[in-house]
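See structure below.
The values are calculated or read from the model by the stated rules, or taken from the named source; none is laboratory data. Being a predicted model, the structure only gives us computed values, none of them experimental. With ideal geometry, Cβ positions are generated from the backbone for all residues, glycine too; neighbour counts draw on all protein chains shown. Quick note on the areas: whole protein, heavy atoms, side chains included, nothing else; ligands and nucleic acids left out. Shrake-Rupley method; radii C 1.70, N 1.55, O 1.52, S 1.80 Å.
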Amino acid sequence: MGTHNINFSEQFEFTGKVKTLSIVGIVFGIAAVAYGFLSGHQERTFANLLLMGYYFACVCMSGMFFLAVQFVAQAGWSASILRVPQAMAKTLPIAAVILVAIISAGLFFEHSIIEHGQNVTVPYLYKHWATHGLAEEGSEHYDAIIAGKSVFLNKPFFLARQILFLGVYSIFAIMFTKFSYNEDLAGGLNSYRKSFKNACIFLVIYGFTTPIFAFDTIMSLEAHWFSTMFGWYNFAAMWVSALATIAIIIILLRRAGYMQWVNNSHLHNLGQFIFGFSIFWTYVWFAQFLLIYYANMPEETVYFYKRFEYYKFWFFLNLAMNFLAPVLFLMDRDNKRKDVKLLFVAIVVLLGHWVDYYQMIMPGAVEEGTNGFSFIEIGTAVGFVGLFTFTVLTALSKKPLIAKNHPLLQESLHHQL
């Protein structure tokens with residue numbers, strides 16, 4: 001591919017129908033959340049806010065992870081598409097603030113429920129460990145298992161970890177985007193070397209803290225249960241979701257006339273990643289149960305029993321969307337190179353991991369028998385999709401769509417598989 005026809009100053013204009021639809025989506029989401037709170041479904045509304053707030057943050061975090069991996073691997077193929085994950089990373093501080101606000105509100109706002117014939121006051125989120133008296137000996141609500149975990153699972157330390165992890169991730173996100181934009185202005189290798197060094201540091205921090213972040217935010221909704229695989233299960237889900245998001249944005253930008261330097265080989269690489277890590281997600285999904293099975297721990301199977309018994313449709317839909325769809329459609333080499341099929345699979349995978357997170361969160365956050373699907377679920381999801389679209393595309397529109405002084409840009413522009 002020749003480079004003489006490439007406009008290195010090309011910028012995305014975030015106007016028109018896309019911007020209008022994103023704002024409409026945000027308003028629709030606000031209406032759904034308001035309806036949930038005003039109609040007496042506060043617990044379910046908080047669960048949906050946690051689901052989408054976590055999903056929003058995870059996709060932005062994984063966009064930054066994509067950047068770090070490319071820098072550490074000194075990958076050339078991706079140099080011309082880095083502006084898309086950079087826009088996702090730049091949005092992370094907003095996603096982090098929203099998620100911390102949702103978690104804080106869910107922890108400190110309380111309501112009354114009937115449990116074992118008694119009226120108990122519990123928080124809307126994390127009631128299995130954050131309810132008053134669970135860790136206090138002599139209390140009528142005392143729970144020995146929760147008391148044993150109370151050094152780790154207590155409100156101040158829990159919120160401190162959330163703020164620390166998301167704060168550190170956000171700092172690295174700002175640094176990566178700053179280095180890239182400085183590279184555009186000054187050229188040379190100084191900014192690239194800084195990106196490489198900080199990416200190495202970030203990947204070590206991210207690798208150690210992401211499982212803890214997943215344990216805290218999602219697994220502690222059911223604090224009596226524990227899985228050593230849960231962190232990596234979540235990592236696989238958030239990583240595949242980010243890859244699918246990157247693919248969707250790039251394909252839609254190409255169709256709108258932008259980023260014409262992206263060719264079928266770039267799509268092929270993204271398709272390979274989506275295919276491979278969908279298989280990895282399935283492996284971890286199954287291994288999580290297999291470990292419990294061959295270790296002969298029947299008390300741990302309650303986690304899967306609840307999902308299979310009360311959420312059976314979602315259980316099998318989860319597997320079909322996140323395993324069967326990528327395998328059946330992306331196993332063929334040509335399908336990875338066709339934007340129509342790759343776009344379809346990426347959308348299915350993105351929706352599939354919403355189902356995945358729905359299954360992780362709802363059984364522990366909402367009382368049994370309230371596993372319905374209504375305007376609250378749809379509206380909250382649409383609202384966050386609108387918010388993600390608005391914030392990411394706003395960030396994407398601020399700078400040129402290509403990192404013109406990236407040292408490996410020519411390799412990317414001539415990328416062929």
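Past the 19 angstrom mark, what percentage of all C-alpha to C-alpha distances in the range 103-207 do you count?
Numbers: 3331 of 5460 pairs.
Of all Cα-Cα pairs in the range 103-207, 61 percent lie more than 19 Å apart.
Legend: residue pairs LYS19/LYS398; LYS312/LYS336; LYS178/LYS404, Cα-Cα distance threshold 22 Å; pairs beyond threshold, LYS312/LYS336.
Which percent of the accessible heavy-atom area of the chain goes to carbon and sulfur, probe 1.4 angstrom?
Details: 11760 of 17660 Å².
After summing per-atom areas, the C and S share lands at 67 percent.
Solvent-accessible surface of protein heavy atoms, probed at 1.4 angstrom with all chains present, puts LYS155, LYS398 in the order LYS398, LYS155, largest first. Return the whole-Å distance between the Cα centroid of the range 116-172 and the Cα centroid of the range 19-96. Comparing the Cα centres of the range 116-172 and the range 19-96, I get a distance of 26 Å. Counting only Cβ charges, +1 for Lys and Arg and -1 for Asp and Glu, the dipole size of the chain around its Cα centre is about 1800 debye. Relative to the current alpha-carbon distance between THR121 and LYS338, full extension at 0.36 nm per residue lengthens the span by 72.7 nm. Using only Cα atoms, tell me the angle between helix 16-38 and the longest principal axis of the chain; keep it within 0 to 90° and round to the nearest 10. Value to nearest ten degrees: 0.
Ranked by the mean number of other Cβ atoms within 10 Å of their residues, highest first, the peptides 286-296, 342-352, 34-44, 231-241 come out as 231-241, 342-352, 34-44, 286-296. Accessible surface for the range 128-269, divided over its residues, is 40 Å² per residue with a 1.4 Å probe.
Taken as Cα centroids, the range 242-283 and the range 372-414 sit 13 Å apart, rounded to the nearest whole angstrom.
On a full-extension model of 0.36 nm per residue, what is the gain between ALA287 and ASN7, subtracting their alpha-carbon distance, rounded to one decimal in nm? Don't skip to the answer; put the middle values down first.
Details: separation 280, 0.36 × 280 = 100.80 nm, distance 4.80 nm.
Length gained between ALA287 and ASN7: 96.0 nm.
Grab the beta carbon distance between LYS398 and ALA160, set R0 = 35 Å, and tell me the FRET efficiency rounded to 0.05.
After rounding, the FRET efficiency stands at 0.60.
For LYS341, the lysines whose Cα comes closer than 25 Å to its Cα, not counting residues fewer than 8 places off in the same chain, are LYS17. Each residue, GLN272 and ILE171, gets one label point 7 Å from its Cα in the Cβ direction; the gap between the two is 3.5 nm.
The phi-based Karplus calculation (6.51 cos²θ - 1.76 cosθ + 1.60; θ = phi - 60°) puts the 3J(HN,Hα) values of the range 221-236 at 4, 10, 5, 7, 10, 8, 9, 5, 8, 5, x, 6, 4, 5, 4, 4 Hz, whole numbers, x for Gly and Pro. If you take every residue apart from ILE146 with its C-beta less than 12 Å away from the C-beta of ILE146, what net charge results, scoring Lys and Arg +1 and Asp and Glu -1? Once all neighbours under 12 Å are counted, the net charge is -2. Basic side chains Lys and Arg get +1 at the Cβ, acidic Asp and Glu get -1 at the Cβ, and with that the dipole of the range 71-208 about its Cα centre reaches some 860 debye. Packing order of peptides 354-367, 55-68, highest average first: 55-68, 354-367 (average count of other Cβ atoms within 10 Å over each peptide's residues). Residues within the reach of a label modelled at PHE308 (point 7 angstrom out along Cα to beta-carbon, backbone nitrogen below 19 Å), restricted to the range 222-236, are 225-230.
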